[in-house]
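Trainee: Have a look at this one.
The values are calculated or read from the model by the stated rules, or taken from the named source; none is laboratory data. Please read these numbers as outputs of a predicted model, since none were measured by experiment. Neighbour counts are summed over all protein chains in view; Cβ atoms, including those assigned to glycine, are modelled from backbone coordinates with ideal geometry. The accessibility values were calculated without ligands, DNA or RNA, using every heavy atom of the protein model including side chains. Shrake-Rupley method; radii C 1.70, N 1.55, O 1.52, S 1.80 Å.
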Amino acid sequence: MDKKLLGIIGGVGPMATAYFMEKIVDMTESETDQQNLDMIVLNHCSIPDRTAHILDHSKPNPGPIMAADARKLEQMGAEVIVTPCNTAHYFHDEIESGLNVPFLNMITLTAKELKRQGAKTVGIMATTGTVQTGLFQQALTAQGIESVVPDAKYQDKVMMLIYDEVKANAPVTMEDFYMVAAHLKERGCDRIILGCTELSVIKQQYHLSKQYIDSLDVLAVNTIQACGYPVSEEALYKRGLKLFAD
């Protein structure tokens, strides 16, 4: 398979973008610099907040800006495009419609991975914007998987973890994280999606168990493969992922 140039709509958020690039390098089977993916990254940190617009359409709309960035990446030669932001996939169709190259959907890919793993009921930890749009719920339903989202007070804790701690470069209150996880497990979940890339950063720092499925891990695996590179089987095992993309 020919090697393809990767384009990343980044800055959403900045730490998650850097972490995604690290994942790509870590999860590619390589022994030399030259065996790694070539990438173009638009680290566009000034893109308006995705959740803010989803919850209040009077706030600035990031959709057209991200769509313009995707077209710019394609014009620069990108042959596969991704964005390491779950909430941004609310704008997936708008972004994809202007492209002639694949724009990978991390929400759909995560649901397919959970189906391959035999998950029955999955808890969702994500931004309020992602939860309210039903992005993961719809994708899981399409795979025959039930989903559970946190009650309001626990969802508030998730938002504090994401916005007040990771995005703010502040210490993470893991007691709150585990409290939300326990709440979801009590409701019958056999897996929990880390459906925000700031939560992916928490997973990196605190080495969570394989019961937590990181959507950023899933996107990284599929991105490597879509660009025609081999994925490290050791990296797959460490992250609890079973198979490659369809």
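Trainee: Hey, could you get me the Stokes-Einstein D for the chain, Kirkwood radius over alpha-carbon pairs, 20 °C and 1.002 mPa s, rounded to whole µm² s⁻¹?
Mentor: 119 µm²/s
Trainee: Quick one: Debye curve from the alpha-carbon atoms of the stretch 84-220 only, equal weights, vacuum; give me log10 I(q)/I(0) at q = 0.15 Å⁻¹ to two decimals.
Mentor: The Debye formula, applied to the Cα set alone, gives -0.68.
Trainee: Give, rounded to the nearest 20 debye, the magnitude of the charge dipole that the chain has about its Cα centre when Lys and Arg contribute +1 at Cβ and Asp and Glu contribute -1 at Cβ.
Mentor: Approximately 500 debye in magnitude.
Trainee: Return the carbon/sulfur percentage of the accessible area of the chain, one whole number, probe 1.4 Å, all protein chains in place.
Mentor: C and S atoms contribute 49 percent here.
Trainee: Also, I was wondering about something else. Hey, what's the Kirkwood Rh for the stretch 100-170 if you take every pair of different alpha carbons, in angstrom?
Mentor: Every distinct Cα pair counted, the radius reaches 13.3 Å.
Trainee: Here's something else I'd like to know. How large is the accessible surface per residue of the chain, computed with a 1.4 Å probe and reported in Å² as a whole number?
Mentor: Per residue, the chain has 43 Å² of solvent-accessible surface.
Trainee: Right, another one. Determine, for each peptide in 228-236, 98-106, 211-219, the mean count of other beta carbons within 10 angstrom over its residues, then list the peptides with the highest first.
Mentor: 211-219, 98-106, 228-236
Trainee: Here is a follow-up. Stretched out fully, how many nm does the piece from residue 206 to residue 232 gain, at 0.36 nm a residue minus the Cα gap?
Mentor: That works out to 7.2 nm of additional length.
Trainee: Report the Cα centroid-to-centroid distance between the stretch 122-191 and the stretch 6-70 in angstrom, as an integer.
Mentor: 21 Å
Trainee: How big is the antiparallel share of DSSP beta bridges in the chain, given as a percent to the nearest 5?
Mentor: About 5 percent, rounded to the nearest 5.
Trainee: Could you work out the helix-only [θ] at 222 nm for the chain, with each DSSP H run of four or more residues adding -39,500 (n - 2.57) and the total divided by the number of residues, to the nearest 500 deg cm²/dmol?
Mentor: One gets -13000 deg cm²/dmol as the mean residue ellipticity at 222 nm.
Trainee: What's the long-distance tail for the stretch 143-246, i.e. % of Cα pairs beyond 23 Å?
Mentor: That fraction is 32 percent.
Trainee: Right, next: Take the alpha carbon atoms of the stretch 1-132, find their radius of gyration, then divide it by 2.2 N^0.38 Å using N residues; give the quotient.
Mentor: 1.11
Trainee: Counting only other residues whose beta carbon sits under 13 Å from that of residue 230, what net charge do I get with K and R as +1, D and E as -1?
Mentor: For residues surrounding residue 230, the net value is -3.
Trainee: Quick one: if you stick a label point 7 Å off each Cα along the C-beta vector at residue 15 and residue 142, how many nm between them?
Mentor: 3.1 nm
Trainee: With each pseudo-label sitting 7 Å past Cα toward Cβ, what's the residue 3-residue 33 distance in nm, one decimal?
Mentor: About 1.3 nm separates the two model spin labels.
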